[in-house]
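Colleague: Sharing a structure with you now.
The values are calculated or read from the model by the stated rules, or taken from the named source; none is laboratory data. Small disclaimer: the values here were computed from a predicted structure and weren't measured. Backbone-built Cβ (ideal geometry, glycine too); neighbour counts: all protein chains shown.
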Amino acid sequence: MSKYSHVMNVFILVGLAFLGFQMFQALLAPDSFGQYGRYRGDHLLEASSLATIHKGDDYCLDCHEPEWDMADAKHANVPCESCHFLPKPHAIATDKADPAIKAKADGGKYVKLELMPIDKTEQPCLNCHIFLPSRPAKFPQIKDQAKHKKDGWKKTMGEVDTKAPCGRCHNSHFPKAFSKGVA
Amino acid sequence: MKKRKAPKRSRSRREFLKMAASGMAGMLIVTLIPKSSSGQRIHNIEEMKHVPDWMDHYYAYVVDTTKCIGCGACARACKRENDTPDGYSRTWVERYQITDTGHVYIDSPDGGINSFPPKDVEGNVIKGFFVPKLCNHCRNTPCTQVCPVNASYESPQGVVLVDKKVCIGCGYCVQACPYDTRYIDPRTHTADKCTWCYHRVTKGLAPACVTVCPTKARIFGDLKMKNSQVREIIDNQRVMVLKPELNTEPYCFYIGLDRAVR
């Protein structure tokens, strides 16, 4: 026994602890751990491969642009999916025209899969246009619905029906109020 | 009567330690083998990339509080896109109303998901605004630092994510987040948070909340792109972050923040 054996013991113990740690880490850490950083690298791939639900305006306008060219309307910047939403495609493109389909783009070469729901109630309009003091002052808001409709009738038709839905006087896509006699 | 045997010392301590050491070394080598041959996986990720350079981005988010109208379209879109459980939201909108009596009224019914009903306040509202909130994707993240299992981390694109397969649901990160953006999903019992719609942005789409915002109060983009909108705003306008005193270095910037915002 050399006089350094006690030092060797320390080295062996430290070495063992190191090896043991390496072993447990290798056994317990997930395979791709450390690929990009101190996390499971594969998760980046998993997280990015989920399905996308919202499609964006460009997608809708591929088929609907000819009818709903909202370029000069006040709602031009209001995204389709803030009013219409379906979690899956409601139509796909085909080769031949389907006479039952009104969509005029590309001669109506679409198959309708499902009905895109349309909320014709006042609720969506009010979500955005009811008067709230926290809204930016220059955003068009209506303070008193009954008064708005009364005034609106006077301007459009001259008669009064305060129960008329917003859609009687406003087109949802081109919301400038209809002129007299149109509605 | 049987004679009790003296306990036999089969190995000396030194022998045992030597054996243990060589055994561990052997196992260590075995465990290293699959790691060194895992180049395949990197290849897979290259294949799965959705836009050609999906790793080569650095994202930032800008909220223009002067434009927000509190319609709640963002909160609804987020729920639909990410299927968050009822009562929990990854993004929400807060309403601030400051009256001439000096009161600050702050509310956010259901996170603003059904927009905001008019609210009676004492006095007249002299100043009011909406503040959309979401994960700030900090660079100096309190939440990932406390994670005991490295389930939460910062991706190379600057997005803070939670690996649900690794998360043990201890809730430390929920407590650590100074912006209250995390929650424990009651269905999976793991932490969940805004990912800036990681599955959309890696495919070149904007996050769902940005996609549906009618007034462009929410803006998302890539800081590495020279002419991106977020860079233009951060370079030229006066932007703020929430709770700058905490030094979390958020990458979610706010235009028009009021001192009442917490």
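Colleague: Is there a residue in the range B:119-127 that is modelled with pLDDT of 95 or more, part of a loop (DSSP other than H, G, I, E, B) and not hydrophobic (A, V, I, L, M, F, W, C)?
Modeller: Within the range B:119-127, not a single residue is modelled with pLDDT of 95 or more, part of a loop (DSSP other than H, G, I, E, B) and not hydrophobic (A, V, I, L, M, F, W, C).
Colleague: Search the range A:1-24 for residues that are more than 10 Å from chain B (Cβ to nearest Cβ) and pair each with any residue that is modelled with pLDDT under 95 and surrounded by 10 or more Cβ atoms within 10 Å (Cβ to Cβ) when their beta-carbon atoms are under 9 Å apart and the residues are at least 6 apart or on different chains.
Modeller: A:2/A:8
Colleague: Condition check: more than 10 Å from chain A (Cβ to nearest Cβ), among the basic types (Lys, Arg) and either outside any loop (DSSP other than H, G, I, E, B) or within 17 Å of the chain's Cα centre (by Cα) (or both). Does residue B:90 satisfy that?
Modeller: Criteria met by residue B:90.
Colleague: Of B:66, B:84, B:91, which residue is in the same structural domain as residue B:231 (by TED's automatic domain parsing) and touching an Asp or Glu at 6+ places or on another chain (Cβ under 8 Å)?
Modeller: Answer to the selection: B:84.
Colleague: Restricting attention to the range B:154-180, and to residues there that are outside any loop (DSSP other than H, G, I, E, B), surrounded by fewer than 22 Cβ atoms within 10 Å (Cβ to Cβ) and not aliphatic (A, V, I, L, M), which single residue is nearest to the other protein chains (Cβ to nearest Cβ)?
Modeller: B:154
Colleague: Considering only residues of the range A:119-141 that are facing another protein chain (nearest Cβ under 7 Å) and in contact with a Lys or Arg (Cβ under 7 Å, 6 or more places away or on another chain), which is surrounded by the most Cβ atoms within 10 Å (Cβ to Cβ)?
Modeller: A:134
Colleague: Please verify whether residue B:239 is more than 14 Å from chain A (Cβ to nearest Cβ), β-branched (Val, Ile, Thr) and under 25 Å from residue B:67 (Cβ atoms), treating the condition exactly as stated.
Modeller: Criteria met by residue B:239.
Colleague: Filtering the range B:219-261 down to residues that are free of Cβ contacts under 8 Å to residues at least 60 places away in the same chain and under 30 Å from residue B:105 (Cβ atoms), which residue is surrounded by the most Cβ atoms within 10 Å (Cβ to Cβ)?
Modeller: Only one residue fits best here, namely B:240.
Colleague: Looking at (1) under 29 Å from the mean Cα position of the chain (by Cα); (2) more than 10 Å from chain A (Cβ to nearest Cβ), which one does residue B:123 not meet, given that it meets all the others?
Modeller: (1)
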